[in-house]
Amino acid sequence: MTSSSRVVVVGAGITGLVAAYELKKQGFDTTLLEAADRVGGKLNTTDFAGMRVDESADAFLARVPWAIELAEELGIRDELVSPAAKSAYIFSYGQLRPIPQPMVLGVPLDFDTLEASGVLSPEGVARARLDAERTENLVVGDESIGSIIRRRLGDEVLERLVDPLLGGINAGDCDNLSMDASAAQLAHAARQDPSFVNELTDLRRRNPPNPDAPVFYAHPDGMGRFVDELADRLGDTIVTGTAVTALESADGAWRLLTSSGIFDADVVILATPARITAPLVADQSRVAAAELRSITYSSVALLTLAYDRDEIGHPLDGSGFLVPKPEQQVITACSWASTKWKHLGATGHAILRVSVGHINNDRAVHLDDDDLLAEVRADLERIMGVTADPTEVRISRWIESFAQYTPGHLSRVATIDDALADDAPGIFVAGASYRGVGIPACIDQAHQAVRSASRFTA
Ligand SMILES: Cc1cc2nc3c(=O)[nH]c(=O)nc-3n(C[C@H](O)[C@H](O)[C@H](O)COP(=O)(O)OP(=O)(O)OC[C@H]3O[C@@H](n4cnc5c(N)ncnc54)[C@H](O)[C@@H]3O)c2cc1C
């Protein structure tokens, strides 16, 4: 790309911010258009109980490099913190039980520990043990996580361990989530050995995990710190309150029609969710638009509750709990944030972050605040015995926020890229709808989009 090329990035979530930052750093004529009056998209940190507390994502995976490298680049790497509590619970057969270790993405590796945990029924454990004896044909297409785990380890491992974890991450349903797109580590194991447990145990033997290595990192000022650092560096490259409404081709370049006028570009990076991107490219590529439109989304609510620590009446001795679908009333997961993160425990409050809603059931997400809070409090009493009144409550709704990577997702994304390359050269897509929902994956996709854009005009 030559530095005279005009690049417009649409959407100032983490993907768009990183893409625009990288382009600007490389000296290109960059504009970042954002519909809302704030940047960050799904990352939003606000004041709560006298602290800065995230309203959505609050941490990122440590085993992939991209978010850590960004922290380094922004000069905040040394400020990152890892969870103070490592153990977590699962609410199964009517009580909170420790998640059995070791496990890989919900797949238990030690059946004796699994049995002792009580998370599965005796029949569920017996069925899971059969995994070690499996001899079936290895060929696996892009099946759902559910179909493979049910077949190899049984329904209970899927419903009470794997789905709470992997379905939970995407507010999805493992019976309709692609293993290739949502759990690459399991997909690889599934193709190596008919027994998941044998293969995953072998893998751990060959690459033993460091028990002291953090699994997650956070920033004491919240994920908003990344957003603020990027926004500071981008300055007036960012144009907020500007929704892109249409894209037109214009003399070998692109014209963006927006709520605040026209912007011209040689290259456009659409870092918006696929459901928003679809109509923007519909006139340019019917194939891409159809595939983009076929990506569905789930809605969630995240309630943050503060309690007087002496009043809550629970030891909060872990990072929180997950609730498998067969046990759910309204809560899907709850982080004991003031135990999990030292900085959130500093003021003496007990802080709970409660998740509600998934792809098969978002009824509660749409309740009014009073009804939603009443249902969540009743569920906290059922699960944790908490009856105390919260001293502060915040409700954050994230409607149509989690793209569902259904079977075939990765080939769908490849089709989108190919169709745009053929029908709308110079338009690229990136972000959580495509190759990973987590913050690190979004950052990686931003870099990939910048590389594609560079190659395009080279
Ligand atoms: C409740 C919740 C908890 C999460 N927890 C974690 C976690 O702990 N760890 C983790 O790694 N990930 C987590 N995630 C996922 C992660 O936060 C998101 O996948 C990621 O932030 C999405 O970034 P993005 O840039 O792809 O999209 P977005 O953040 O959705 O950004 C898209 C931007 O485009 C803008 N836009 C939309 N339409 C237009 C238009 N027409 N014109 C201009 N701009 C437009 C939007 O306003 C938005 O700012 C969580 C997500 C949620 C909702």
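The values are calculated or read from the model by the stated rules, or taken from the named source; none is laboratory data. Quick caveat: nothing in here was measured; it's all calculated off a predicted structure. Because the Cβ atoms are built from the backbone with ideal geometry, glycine has one as well, and the counts that use them run over all protein chains shown.
Against the list (1) of a type in the set (Ser, Thr, Tyr); (2) surrounded by fewer than 15 Cβ atoms within 10 Å (Cβ to Cβ); (3) more than 28 Å from the chain's Cα centre (by Cα), the condition THR245 fails is (3).
Considered as a group, the residues in the stretch 47-60 that are at negative phi and among the aliphatic types (A, V, I, L, M) include one that is surrounded by the fewest Cβ atoms within 10 Å (Cβ to Cβ), and that residue is ALA57.
Determine which member of the set GLY172, GLY141 is among the small types (Gly, Ala, Ser) and closer than 26 Å to VAL354 by Cα. Outline the logic, then answer.
Details: GLY141 fails: closer than 26 Å to VAL354 by Cα.
Every option except GLY172 fails the conditions.
Consider SER56 carefully, then state whether it is away from the ligand (no atom under 16 Å from the Cβ) and assigned to a loop (DSSP other than H, G, I, E, B). Against the criterion (away from the ligand (no atom under 16 Å from the Cβ) and assigned to a loop (DSSP other than H, G, I, E, B)), SER56 does not qualify. If you go through the stretch 272-284 one residue at a time, do you hit one that is at pLDDT below 95 and in contact with a Ser or Thr (Cβ under 8 Å, 6 or more places away or on another chain)? No, the stretch 272-284 has no match at all. Among the criteria (1) more than 7 Å from the ligand (Cβ to nearest atom); (2) out of contact with any Phe, Trp or Tyr (no Cβ under 9 Å at 6 or more places or on another chain), the one VAL8 does not fulfil is (2). Under the condition of being at pLDDT below 95 and either within 13 Å of THR31 (Cβ to Cβ) or outside the structural domain of GLY426 (by TED's automatic domain parsing) (or both), the residues counted in the stretch 216-260 number 1.
From SER396, SER411, SER452, which residue is part of a helix (DSSP H, G or I) and in contact with an Asp or Glu (Cβ under 8 Å, 6 or more places away or on another chain)? Can you show your working first?
Details: SER396 fails: part of a helix (DSSP H, G or I); SER452 fails: in contact with an Asp or Glu (Cβ under 8 Å, 6 or more places away or on another chain).
Answer to the check: SER411.
Would you check if ARG255 is surrounded by fewer than 22 Cβ atoms within 10 Å (Cβ to Cβ) and touching a residue at least 40 places away in the same chain (Cβ under 8 Å)? Before you say what the answer is, go through the steps one by one.
Numbers: surrounded by fewer than 22 Cβ atoms within 10 Å (Cβ to Cβ): yes; touching a residue at least 40 places away in the same chain (Cβ under 8 Å): no.
Here the answer is no, as ARG255 does not meet what is asked.
I'd like to check something: does the stretch 77-95 contain any residue that is more than 18 Å from ARG225 (Cα to Cα), assigned to a helix (DSSP H, G or I), basic (Lys, Arg) and not assigned by TED's automatic domain parsing to the domain that holds ARG435? Checked the stretch 77-95: no residue is more than 18 Å from ARG225 (Cα to Cα), assigned to a helix (DSSP H, G or I), basic (Lys, Arg) and not assigned by TED's automatic domain parsing to the domain that holds ARG435.
Condition check for TYR89 on (1) within 16 Å of the ligand (Cβ to nearest atom); (2) in contact with a Pro (Cβ under 8 Å, 6 or more places away or on another chain): one failure, at (1).
Let me confirm something: among ASP175, ASP232, which residue is in contact with a Ser or Thr (Cβ under 7 Å, 6 or more places away or on another chain) and of a type in the set (Asp, Glu)?
Working: ASP232 fails: in contact with a Ser or Thr (Cβ under 7 Å, 6 or more places away or on another chain).
Just one listed residue meets the conditions, ASP175.
Inspect all residues belonging to the stretch 24-34 and state whether any of them is outside any helix (DSSP H, G or I), within 16 Å of the ligand (Cβ to nearest atom), surrounded by fewer than 21 Cβ atoms within 10 Å (Cβ to Cβ) and modelled with pLDDT of 95 or more. No, every residue in the stretch 24-34 fails to be outside any helix (DSSP H, G or I), within 16 Å of the ligand (Cβ to nearest atom), surrounded by fewer than 21 Cβ atoms within 10 Å (Cβ to Cβ) and modelled with pLDDT of 95 or more. Answer yes if at least one residue in the stretch 335-352 is out of contact with any strand residue (DSSP E or B) (no Cβ under 9 Å at 6 or more places or on another chain) and either buried (at least 21 other Cβ atoms within 10 Å of the Cβ) or at pLDDT 95 or above (or both), and no otherwise. Checked the stretch 335-352: no residue is out of contact with any strand residue (DSSP E or B) (no Cβ under 9 Å at 6 or more places or on another chain) and either buried (at least 21 other Cβ atoms within 10 Å of the Cβ) or at pLDDT 95 or above (or both).
Is there a residue in the stretch 35-46 that is surrounded by fewer than 20 Cβ atoms within 10 Å (Cβ to Cβ), among the polar types (S, T, N, Q) and either at pLDDT below 95 or assigned to a strand (DSSP E or B) (or both)? Yes, because at least one residue in the stretch 35-46 is surrounded by fewer than 20 Cβ atoms within 10 Å (Cβ to Cβ), among the polar types (S, T, N, Q) and either at pLDDT below 95 or assigned to a strand (DSSP E or B) (or both).
Being among the hydroxyl-bearing types (Ser, Thr, Tyr), out of contact with any helix residue (DSSP H, G or I) (no Cβ under 6 Å at 6 or more places or on another chain) and under 24 Å from LEU80 (Cα atoms): is that true of THR391 here? So THR391 fails the test.
The residue that is farthest from the ligand (Cβ to nearest atom), among those in the stretch 384-401 that are on the phi < 0 side of the Ramachandran plot and of a type in the set (Asp, Glu), is ASP389. Within the stretch 402-448, being of a type in the set (S, T, N, Q) and more than 16 Å from the ligand (Cβ to nearest atom) holds for THR406, SER411, THR415.
Report whether or not GLU248 is more than 20 Å from ALA424 (Cβ to Cβ), out of contact with any Cys (no Cβ under 7 Å at 6 or more places or on another chain) and more than 11 Å from the ligand (Cβ to nearest atom).
On the way: more than 20 Å from ALA424 (Cβ to Cβ): no; out of contact with any Cys (no Cβ under 7 Å at 6 or more places or on another chain): yes; more than 11 Å from the ligand (Cβ to nearest atom): yes.
Spelling it out, it is not the case that GLU248 is more than 20 Å from ALA424 (Cβ to Cβ), out of contact with any Cys (no Cβ under 7 Å at 6 or more places or on another chain) and more than 11 Å from the ligand (Cβ to nearest atom).
The residues of the stretch 113-151 that are touching a Ser or Thr at 6+ places or on another chain (Cβ under 8 Å) and more than 21 Å from GLY168 (Cα to Cα), listed by number, are ASP131, ALA132, GLU133, ARG134.
Would you check which residues across the stretch 35-51 are away from the ligand (no atom under 13 Å from the Cβ) and under 22 Å from the mean Cα position of the chain (by Cα) and list them? The one that is away from the ligand (no atom under 13 Å from the Cβ) and under 22 Å from the mean Cα position of the chain (by Cα): THR46.
So that you can scan it fast, the table gives a plain yes or no per residue for (1) modelled with pLDDT under 95; (2) in the same structural domain as ALA432 (by TED's automatic domain parsing); (3) under 25 Å from GLY436 (Cβ atoms); (4) part of a helix (DSSP H, G or I):
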| residue | (1), (2), (3), (4) |
| --- | --- |
| LEU114 | no, no, no, yes |
| ASN137 | yes, no, no, no |
| ASP142 | yes, no, yes, no |
| LEU161 | no, no, yes, yes |
| PRO164 | no, no, yes, yes |
| HIS188 | yes, no, yes, yes |
| PRO194 | yes, no, no, no |
